[in-house]
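The values are calculated or read from the model by the stated rules, or taken from the named source; none is laboratory data. On a predicted model such as this, the values are computed, not experimentally measured, just so you know. Positions of Cβ are backbone-derived with ideal geometry, glycine not excepted, and every protein chain shown enters the neighbour counts. SASA here: full protein model, heavy atoms, side chains in, ligands and nucleic acids out. Shrake-Rupley method; radii C 1.70, N 1.55, O 1.52, S 1.80 Å.
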Amino acid sequence: NRQGMKYKHESVMIHEVIENLAIKPDGIYVDGTLGGGGHSFQIASRLTEGGKLIGIDQDMDAIAAAGRHLAVYSDRVELVHDNYEDIAGILSERKIKAVNGILLDLGVSSYQLDNPERGFSYNQDAPLDMRMDQSSAVSAGDILNTYSEEKLTKILRDYGEERFAPRIAANIVAARQKAPLERTGELVEIIRRSIPMKMQERGGNPCKRTFQAVRIACNRELEVLEDSLDTMIDLLAPGGRIVVITFQSLEDRIVKNSFRRNENPCTCPPEFPVCICGKKSKGTVITKKALIPDKEETEHNSRAASARLRVFEKVVMPGGTV
């Protein structure tokens, strides 16, 4: 099956994920970004009776592909079509108060990139879609055709770190006044027209930053991540771990800052001799520095090259309670 195959080989930093989740055979785990189920397969294979894995994805294609891949472990795996931002509700519905581990493997899946009709890739002409959840209302085309020039500039600058954001945004607005933008090829043409040729020759495809920015805006990726991490840490059982893999600096910064803040939430001025704010540490940042894939993996899988993995462990208080 083509879909299943596309998904199967793409699990980034699988050894590091499994090692850092420190899986208990009878534990409860959540894979918040299921994809084709590659990471989930490895987690499920280490669970025994009493162990459970909940796999969440907002993409129905992913749920279908993962369902096939994980069929052998259907006794311990449950797949949920939702966004990981709803994790508290998902667990509450299942009467689960705490979990032993949570995994997030962020960004766009290889299957989504490889499926031209989804509009994630700048290498193939396709409809301007980019929705990870195809039932959501706002597509990339909606953003490009309706957002103001100022808002487009901000998206390209903030989410794509694109230095030519004002010029690209102005050219998008000019182009859509003649006819709505409908295809990724049209956006590629606008970007190439907006960036000086000598700049296009440096550092990879010049479309990468704009496509990343529009995709992040379309799927509210940074907002969802920022709003979910504290909740996820709260949902961990004592000694439980959250493992997050990011693929660009904006995501990595959010994860790093969130983990640090949960490790040391004290807001007292440094000159105070003792803490009076009462904010207690929720645990420990296991990865003082982000882990990166080894050379062998990046040679085998180019998508892994920009991966950064960070781990946070929930505090275990004396007596075993949080």
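Return the carbon/sulfur percentage of the accessible area of the chain, one whole number, probe 1.4 Å, all protein chains in place. Mind showing how you got there, number by number?
Values: 7900 of 15630 Å².
Carbon and sulfur: 51 percent of the exposed surface of the chain.
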Practice item. Return the sequence-ordered ³J(HN,Hα) values of region 154-163 in whole Hz as given by the Karplus equation 6.51 cos²θ - 1.76 cosθ + 1.60 applied to θ = phi - 60°, using x for Gly and Pro. Key: 5, 4, 5, 6, 6, 9, x, 6, 8, 6
Review point. Each residue of region 59-64 in turn: what ³J(HN,Hα) in whole Hz from Karplus with 6.51, -1.76, 1.60 and θ = phi - 60°, glycine and Pro shown as x?
Key: 9, 4, 4, 5, 4, 5
Point to revise | Two-decimal log10 I(q)/I(0) for region 88-224, as the Debye equation yields it once each C-alpha is a single scatterer, q = 0.12, 0.13, 0.15 Å⁻¹ | key: -0.51, -0.58, -0.73
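Determine the calculated [θ] at 222 nm for the chain from helices alone, applying -39500 (n - 2.57) to every DSSP H run no shorter than 4 residues and normalising by the residue count; nearest 500 deg cm²/dmol.
Details: 15 runs with 139 residues, N = 322.
Computed ellipticity for the chain at 222 nm equals -12500 deg cm²/dmol.
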**Study point:** Kirkwood hydrodynamic radius of region 261-322, from inverse mean 1/r over distinct Cα pairs, in Å
**Key:** 14.7
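Past 30 Å, Cα to Cα, is the threshold; run LYS52/LYS295; LYS52/LYS256; LYS95/LYS151; LYS154/LYS279; LYS154/LYS314 against it and keep the listed order.
Values: LYS52/LYS295 33 Å; LYS52/LYS256 28 Å; LYS95/LYS151 42 Å; LYS154/LYS279 35 Å; LYS154/LYS314 36 Å.
Beyond 30 Å: LYS52/LYS295; LYS95/LYS151; LYS154/LYS279; LYS154/LYS314.
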Practice item. With only Lys, Arg, Asp and Glu charged, each at its Cβ (+1 for the first two, -1 for the last two), find how big the charge dipole of region 157-212 is about the Cα centre; round to the nearest 20 debye. Key: 160
Review point. What's the center-to-center distance, using Cα atoms, between region 127-177 and region 297-318 in Å?
Key: 30
**Study point:** the chain pair-distance distribution - Cα-Cα, 20 Å bins, rounded %
**Key:** 30, 54, 16, 0
Practice item. Describe numerically, in nm with one decimal, the distance between label points set 7 Å from Cα along Cα→Cβ at GLU189 and at ASN264. Key: 5.4
Practice item. Would you mind getting me the FRET efficiency between VAL138 and LYS178? Use the beta-carbon distance for r and R0 = 25 Å, nearest 0.05. Key: 0.65
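What's the extension gain from ARG94 to ALA22 if we count 0.36 nm per residue and subtract their Cα-Cα distance? Can you show the working numbers first?
On the way: separation 72, 0.36 × 72 = 25.92 nm, distance 2.33 nm.
Result for the pair: 23.6 nm of gain on full extension.
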Study note, to complete from the structure: Per the charge dipole of the chain (beta-carbon charges, Lys/Arg positive, Asp/Glu negative, Cα centre), the residue among SER40, THR298, PHE120 reaching farthest to the positive end is THR298
